[in-house]
Amino acid sequence: MEAMGRRFEALYLLENRKFVGESDTESDDSDQGHDSDQGHDSDQGHDSDRGDDSKGGGEAEDEREVMGEEDEYEIKLAFSKLLFKDGEYGRSIEMLKGLIEDYKVMRKGRNEMQEDKGGMQEDKGGKNEEAPAKVTEETAKTSVKLSAMAADTFYFAGWVSVHMDNHTLAYSFWGLGAEIVKEARLKKQASKRELWDDGKGVLQ
């Protein structure tokens, strides 16, 4: 019953993911009115005359969108683990496969966004030195978190596959993860592949 309760909780968060990460302070600010000068202090830069060049409106929207995707990713990963604990290996592995594809898309999008930002900075002055340190630091932290979740996805998918008695698939997950994320435990598991795998069923 406890596992079932956690699963419903994960599903509820997934279906209502737009609320994930919103603080009580943000909710209170929205209730007090968007036209208030004090309310705009919490979102510095949107309508500010101070000219905050750290982000354009489009870039800020892009970052919020990426963060939303990461929240969803984290919830789905937790849900896949709940499915595994309930013995629903098939559903768990399908969700993990979907997360791997999601990670590929997010990683590609993040790389393209960084290239676009670098290009814009070069157009302004031929240098990339004007890139805001705060944005760079936040992006780095987010990338580290996303990589850690992806590594967990590959690693966990391998062990779910083992429980399904499919060692070939397990080592395919670990091998692909070691190639993409380059995480130590994935490399360790992938190095044992020749003991079990016949070379078939490799993920692309």
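The values are calculated or read from the model by the stated rules, or taken from the named source; none is laboratory data. Remember, it's a predicted structure, so these values are computed and weren't measured experimentally. A quick note on method: Cβ atoms are made from the backbone with ideal geometry, for glycine too, and the neighbour counts reach across all protein chains shown.
The table below gives the values:
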| read-out | value |
| --- | --- |
| Breaking point among (1) exposed (fewer than 12 other Cβ atoms within 10 Å of the Cβ); (2) modelled with pLDDT of 55 or more; (3) not charged (D, E, K, R), for Ser143 | (1) |
| Where Ile93 falls short, out of the listed (1) modelled with pLDDT under 95; (2) closer than 30 Å to Trp159 by Cα | (1) |
